[in-house]
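Student: Provided herewith is a single structure, encoded as structure tokens, for subsequent inquiry.
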Amino acid sequence: MHKKRFIISVDSCKPGMRTAEAIANRYGAIILYENTVLDEHAIEHLRNIGIRSIPVFEESMISVSGVDQDWAITHDGQSFNIKYEQDVHAMKKTLTDISTGKRLNKDATDQIVNTMISRPAENRNMIDAIMQIRTIDEYTYYHCMNVSMLSMMIARWMNLDEAMVKKCAEAGLLHDVGKAKIPPEIINKPGKLTDSEFALMKRHSEYGYMIVTEDRNFDHQVALAVLTHHEKMDGSGYPMGLTGDRINQIARIVAVADIFDAMTANRVYKDKDTPFTVFQLMQQDSFGVLDPLVLNAFLHNITHYYVGSRVRLSTGEVSEVVFMNRMDFSRPVVKVGDRFIDLAVTKSISIVEFL
């Protein structure tokens, strides 16, 4: 059945409306794909880049009026950030309780996951939250939340069913729960770990599996993902050296989410990398490490959220990302003043800071 679509002004757009076709900026780069559910951030971004009107589906115009309008209004960036911080605090309490000998509180983690998967329109808010500066000593709690959100998004980008989406979100949230059993002086050590410290650190996946399987209400595939999220496709990972399809799909999704968030965060032992540096490492140096199907779904979807971003170049100039090069996501087309620079062609210039 053909869905009716209307062209409406951006000023008339409301959160919850769905785009009826892909929206491109004036340089031809797609900034919103067809069927994207608009939120306040997306609408404001459209205004800021000078787009005056867009096509939306009729039924989405109806759905945000009347009974559904309160839902749309409350799902803005501010309310998201409040809930995000509340969930991080809940995860901190969960891990602290485990470190003192208590069992994993499934009700608490269920509440976080169920709230997260019920907000499919908030990818933009989630990605913004992931890119925020986090306090280093609370890295683990934010990391658990971020990997959960990213795992959920990847599962949806791969068109997995909602049951799998929930399992991926749950596994992402719990993937590092075993770190509650690792001494904090090792977790927060600013220098390089000794061989014995690293051997103990690697046991967090085993500890996590034992913590999750204490409660038989957790899905066993989720528990296996907690155990195997550091396995690699070529068998070089841990704890069992599994290869290829012997690693379950949830673990392969969590692995991609885990690496991206870890590399884009400040840590006690390193400064964060820009998303574009991480895109390069993931796109060019992950052969044999990450599942290529999962990685492809991730890179081809997350990168379009960085169109419109402000970045500092190695020349010292501040520029705007206007187009993502799919052959090399780390080297987009940028605009500096009235000049356009294709970083895939001009190899002598690179992005050094994400602003």
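The values are calculated or read from the model by the stated rules, or taken from the named source; none is laboratory data. Since the structure is predicted, the reported quantities are computational estimates derived from the model, not experimental observations. For neighbour counting, all protein chains shown are included, and Cβ atoms are generated from backbone atoms with ideal geometry for every residue, glycine included. Keep in mind that these areas ignore ligands, DNA and RNA; they rest on the heavy atoms of the full protein, side chains included. Shrake-Rupley method; radii C 1.70, N 1.55, O 1.52, S 1.80 Å.
Student: Once both axes come from the Cα atoms, what is the angle between helix 275-284 and the longest principal axis of the chain, in degrees from 0 to 90, rounded to 10?
Tutor: 70 degrees
Student: Taking 7 Å along the Cα-to-C-beta vector as the label spot, tell me the F287-D110 distance in nanometres, rounded to one decimal.
Tutor: Using points 7 Å along Cα→Cβ, the separation is 4.6 nm.
Student: Any chance you could give the angle, 0 to 90 degrees and rounded to 10, that helix 139-157 forms with the longest Cα principal axis of the chain?
Tutor: On a 0 to 90 degree scale, this one is about 60.
Student: Separate question: In the structure displayed, which of K92/K167; K189/K232; K106/K166; K167/K232 lie more than 23 Å apart, Cα to Cα?
Tutor: On the way: K92/K167 21 Å; K189/K232 25 Å; K106/K166 14 Å; K167/K232 20 Å.
Beyond 23 Å: K189/K232.
Student: Could I ask something else about it? In degrees from 0 to 90, rounded to the nearest 10, what is the angle of the helix 204-213 Cα long axis to the longest principal axis of the chain?
Tutor: Helix 204-213 and the main axis of the chain meet at about 90 degrees.
Student: For a quick check of understanding: with a 1.4 angstrom probe and all protein chains in place, what accessible area in square angstrom does S12 have, to the nearest ten?
Tutor: Here the accessible area works out near 60 Å².
Student: Roughly how many nanometres apart are two label points built 7 Å out from the Cα toward the Cβ at E162 and H300?
Tutor: In this crude spin-label approximation the distance works out to 2.6 nm.
Student: Right, another one. For the peptides 212-219, 290-297, what is the packing order when you average, over each peptide's residues, the other Cβ atoms within 10 Å and list the highest mean first?
Tutor: Those peptides, ordered most packed to least, come out 290-297, 212-219.
Student: Compare the Cα positions of T109, T96, I82 along the charge dipole of the range 77-118 (+1 at Cβ of Lys, Arg; -1 at Cβ of Asp, Glu; about the Cα centre) and return the one farthest towards the positive end.
Tutor: Going by the charge dipole, the pick is T96.
Student: Now a separate question. Hey, with R₀ at 45 Å, roughly what FRET efficiency would N35 and A90 work out to, going by the Cβ-Cβ distance, to 0.05? If you can, show how the numbers build up before the last one.
Tutor: Details: r = 32 Å, r/R0 = 0.70.
Step by step, r from the Cβ atoms, then E = 0.90.
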